[in-house]
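Peer 1: I'd like to ask you about the structure that follows.
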Amino acid sequence: MTQSTPAPTDPPAADSTAKRALVELDNVNKHFGSFQALKDINLTIPEGQVAIVVGPSGSGKSTLCRTINRLETIDEGGTIRIDGKPLPAEGKGLAQLRADVGMVFQSFNLFAHKSIVENVTLGPIKVKGLKKSQAQEEAMALLERVGVAQQAKKMPAQLSGGQQQRVAIARALAMRPKVMLFDEPTSALDPEMVQEVLDVMVQLAHEGMTMVVVTHEMGFARKAGDRVIFMDQGAILEDTEPESFFTHPQHPRAKDFLGKILTH
Amino acid sequence: MNGFLELFADYDIFGAFWMNIRLTLLAAVGSFVLGTVLAIFRISPVGSLRGIGTAYVNTIRNTPLTIIMVLGVLAVWGQLKIEFFQDFDLNFFTYAVIALSLYHASFVCEAIRSGVNTVPLGQAEAARAIGLSFLPAARLVVLPQALRGAVTPLGNTLIALTKNTTVAAAASVAEASGLMKSMIEFNPDLMIYIFLTIAIGFCIIVIPMGILTTWLSDKLAVAR
Ligand SMILES: Nc1ncnc2c1ncn2[C@@H]1O[C@H](COP(=O)(O)OP(=O)(O)OP(=O)(O)O)[C@@H](O)[C@H]1O
Ligand SMILES: [Mg+2]
């Protein structure tokens, strides 16, 4: 990673407190049986913020993402609000609120039996009730934006990993989400494909998208991140600006963690 | 060999096979529909539906088909006097189709469920993440892939169903194996030829199914 050059950071979101909170986690705990994967998480992400989540393997980063769009339930007593609305229990309301939260997975998870453009239009047609022609038009514009419009008619397996991940981003964007969650979006990619995906994400960040990004890509964190959240053993141990996190980590476990990933 | 060709004139062998084919086609549709519903029950997030699906499969799959067939005729028709049609043959034909459908639905359900296991969990999660609730996610994303992964076990179930239509004889349906029995009864000297005729008849029906299954399973496989 580029640790020597101090990457240009965007002006820190100083006015972020004034912006409305898009994602709010209050007192969130999560148990898998007797194992506690999330411990007392309190987190507010204002509109337009790019929050980078880092931490050792098993620290609960994926679980945190998955609770935000309720792929995992949380323990009683905690609440998660998206744009002020509490996540409802299963059912239609939940499905609708989920559409406000875009999710990009480590393993892309494109629908394997559908073409690239169908992957992007499925949600808008079936969830938002868009007309097929309109959905297709919008999908092509999005595919253009992430640079895979040429591949629109192909099947996912015919694309490279980097292309698939960019399609996955387009698929999530097609729902016009208020916030986008990325769970290690580049860690399943061959090294030469990492940058093309990060470029799309940087662009998205600069356009003002609210993002929660689990990643160990320090370059990206410095370039696009407004904030770094360091997790360990299910708890948030540090929550600060990227530059200060990478140069002056406070918590011993954060130092330890940085030491490990920076020597790679 | 004497008199063998006369058998074709004396008995409606083709008509009897046609009966097996009709039983197969109708029960294939019936068991596919019911089996799909059961499979959806078994993968649903609702515990009670999963329970119903599991109980159905475990009960029906482990009951001999003959018993289901005879129970239908003796209990439902004989005791409860439920009649679908005035016409005797048509009524028993309907009973046979229902019994075959109920029985094979449990195998269809398990075939589809094995297909569901070939679909990575991430597919359903991605479907949920774009805002599809359980049924649309199942219908649009999981089942289409599961069915492609289930072509071989579904084909095997269809082949088993085809041969199991002979059990409809227990419900007095005039099909090929029943006909074989009466032909042998009246022409014991031709037994081996009669037997071979019926066996070859079933092979002619079933072999293409096997070929079709193999071909479809390759053609429809989902590339990952
Ligand atoms: N479905 C589950 N059932 C039981 N335990 C689970 C489940 N999912 C996650 N865990 C446990 O919860 C902890 C946190 O997992 P999580 O996947 O959130 O970690 P992570 O920070 O994303 O790790 P990684 O960097 O390896 O992706 C781990 O110890 C994991 O074993
Ligand atoms: Mg993870």
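The values are calculated or read from the model by the stated rules, or taken from the named source; none is laboratory data. Everything numeric in this text was worked out from a predicted model, so none of it was measured. Virtual Cβ from ideal backbone geometry, glycine too; neighbours counted across all protein chains shown. Surface accessibility is based on the protein's heavy atoms, side chains included, excluding ligands, DNA and RNA. Shrake-Rupley method; radii C 1.70, N 1.55, O 1.52, S 1.80 Å.
Peer 1: Scanning for something within 16 Å of ligand 2 (Cβ to nearest atom), open to solvent by 40 Å² or more (accessible area, probe 1.4 Å) and within 14 Å of chain B (Cβ to nearest Cβ), does the stretch A:25-41 turn up at least one residue? Break it down stepwise before answering.
Peer 2: Residues of the stretch A:25-41 within 16 Å of ligand 2 (Cβ to nearest atom): A:30, A:32, A:35, A:37-38, A:41.
So of that shortlist, the ones also open to solvent by 40 Å² or more (accessible area, probe 1.4 Å) come out as A:32, A:35.
The next check asks that each one be within 14 Å of chain B (Cβ to nearest Cβ); those that pass are none.
The answer is no, given that none of the residues of the stretch A:25-41 is within 16 Å of ligand 2 (Cβ to nearest atom), open to solvent by 40 Å² or more (accessible area, probe 1.4 Å) and within 14 Å of chain B (Cβ to nearest Cβ).
Peer 1: Name every residue in the stretch A:165-188 that is in a helix (DSSP H, G or I), of a type outside the set (Val, Ile, Thr) and within 12 Å of chain B (Cβ to nearest Cβ), in order of residue number. Write out each step before concluding.
Peer 2: Kept after step one, since they are in a helix (DSSP H, G or I), are these residues of the stretch A:165-188: A:165-173.
Imposing the further condition that a residue be of a type outside the set (Val, Ile, Thr) reduces the set to A:165-166, A:168, A:170-173.
The answer is A:168, A:170, A:171, A:172, A:173.
Peer 1: Could I ask something else about it? Show me the helices (runs of 4 or more DSSP H) entirely contained within the stretch B:141-213 in which 1 or more residues are buried (at least 19 other Cβ atoms within 10 Å of the Cβ), more than 22 Å from the chain's Cα centre (by Cα) and not small (Gly, Ala, Ser).
Peer 2: Because the criterion is at least 1 residues that are buried (at least 19 other Cβ atoms within 10 Å of the Cβ), more than 22 Å from the chain's Cα centre (by Cα) and not small (Gly, Ala, Ser), the helices (runs of 4 or more DSSP H) in the stretch B:141-213 that meet it are B:176-186.
Peer 1: A further question on this structure: I need the full set of residues from the stretch A:54-87 which are within 16 Å of ligand 2 (Cβ to nearest atom), hydrophobic (A, V, I, L, M, F, W, C) and farther than 30 Å from residue A:244 by Cα, in order please. If you could, list the steps in order and put the result at the bottom.
Peer 2: Taking the stretch A:54-87 first, the residues within 16 Å of ligand 2 (Cβ to nearest atom) are A:54-69, A:71-72.
Then drop every residue that is not hydrophobic (A, V, I, L, M, F, W, C), which leaves A:54, A:64-65, A:68, A:71.
A:71, the sole residue that qualifies.
Peer 1: Taking the stretch A:92-132 only, how many residues are of a type in the set (A, V, I, L, M, F, W, C) and either facing chain B (nearest Cβ under 7 Å) or free of Cβ contacts under 8 Å to residues at least 12 places away in the same chain (or both)?
Peer 2: Our first condition is that a residue be of a type in the set (A, V, I, L, M, F, W, C); within the stretch A:92-132, this holds for A:94-95, A:97, A:99, A:101, A:103-105, A:108, A:110-112, A:116-117, A:120, A:122, A:125, A:127, A:130.
Checking the rest, the ones that are also either facing chain B (nearest Cβ under 7 Å) or free of Cβ contacts under 8 Å to residues at least 12 places away in the same chain (or both) come to A:95, A:99, A:103, A:105, A:111-112, A:122, A:125, A:127, A:130.
Going through the stretch A:92-132 one residue at a time, the tally reaches 10.
Residues are listed down the side, and each one gets a yes or a no for (1) in contact (Cβ under 8 Å) with a residue 12 or more places away in the chain; (2) within 30 Å of residue A:71 (Cα to Cα); (3) of a type in the set (Phe, Trp, Tyr):
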residue	(1), (2), (3)
B:136	no, yes, no
B:145	yes, yes, no
B:155	yes, no, no
B:162	yes, no, no
B:173	yes, no, no
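Peer 1: For residue A:142, state whether it is in contact with a Lys or Arg (Cβ under 8 Å, 6 or more places away or on another chain) and of a type outside the set (Gly, Ala, Ser).
Peer 2: Details: in contact with a Lys or Arg (Cβ under 8 Å, 6 or more places away or on another chain): no; of a type outside the set (Gly, Ala, Ser): yes.
No, not satisfied.
Peer 1: For the stretch B:114-140, what are the residues that are part of a helix (DSSP H, G or I) and of a type in the set (S, T, N, Q)? Spell out how you get there, then give the answer.
Peer 2: Taking the stretch B:114-140 and keeping what is part of a helix (DSSP H, G or I), we get B:114-116, B:121-129, B:134-140.
Result: B:114, B:123.
Peer 1: Can you tell me which of (1) within 16 Å of the chain's Cα centre (by Cα); (2) away from every other protein chain (no Cβ under 11 Å); (3) more than 16 Å from ligand 2 (Cβ to nearest atom) is the one residue A:51 doesn't meet?
Peer 2: For residue A:51, the failing item is (3).
Peer 1: If you scan the stretch A:178-192, which residues turn out to be more than 16 Å from ligand 1 (Cβ to nearest atom) and either buried (at least 23 other Cβ atoms within 10 Å of the Cβ) or aliphatic (A, V, I, L, M) (or both)? Step through it out loud before you land on a result.
Peer 2: Residues of the stretch A:178-192 that are more than 16 Å from ligand 1 (Cβ to nearest atom), as a first pass: A:178-180, A:190-192.
If the condition is that a residue be more than 16 Å from ligand 1 (Cβ to nearest atom) and either buried (at least 23 other Cβ atoms within 10 Å of the Cβ) or aliphatic (A, V, I, L, M) (or both), then A:179, A:180 are the ones that fit.
Peer 1: Mind listing just one residue for me: the one in the stretch A:150-164 that is farther than 21 Å from residue A:194 by Cβ and among the hydrophobic types (A, V, I, L, M, F, W, C) and, of those, nearest to the other protein chains (Cβ to nearest Cβ)?
Peer 2: Within the stretch A:150-164, the match that is nearest to the other protein chains (Cβ to nearest Cβ) is A:155.
Peer 1: Continuing with this model, one more query. Read through the list (1) more than 11 Å from chain B (Cβ to nearest Cβ); (2) within 15 Å of ligand 1 (Cβ to nearest atom); (3) not acidic (Asp, Glu), then give the number of the only condition that residue A:66 fails.
Peer 2: (1)
Peer 1: Okay, moving on. Does the stretch B:120-140 include one or more residues that are surrounded by fewer than 23 Cβ atoms within 10 Å (Cβ to Cβ), among the charged types (D, E, K, R), more than 9 Å from chain A (Cβ to nearest Cβ) and under 17 Å from the mean Cα position of the chain (by Cα)?
Peer 2: Taking every residue of the stretch B:120-140 in turn, none turns out to be surrounded by fewer than 23 Cβ atoms within 10 Å (Cβ to Cβ), among the charged types (D, E, K, R), more than 9 Å from chain A (Cβ to nearest Cβ) and under 17 Å from the mean Cα position of the chain (by Cα).
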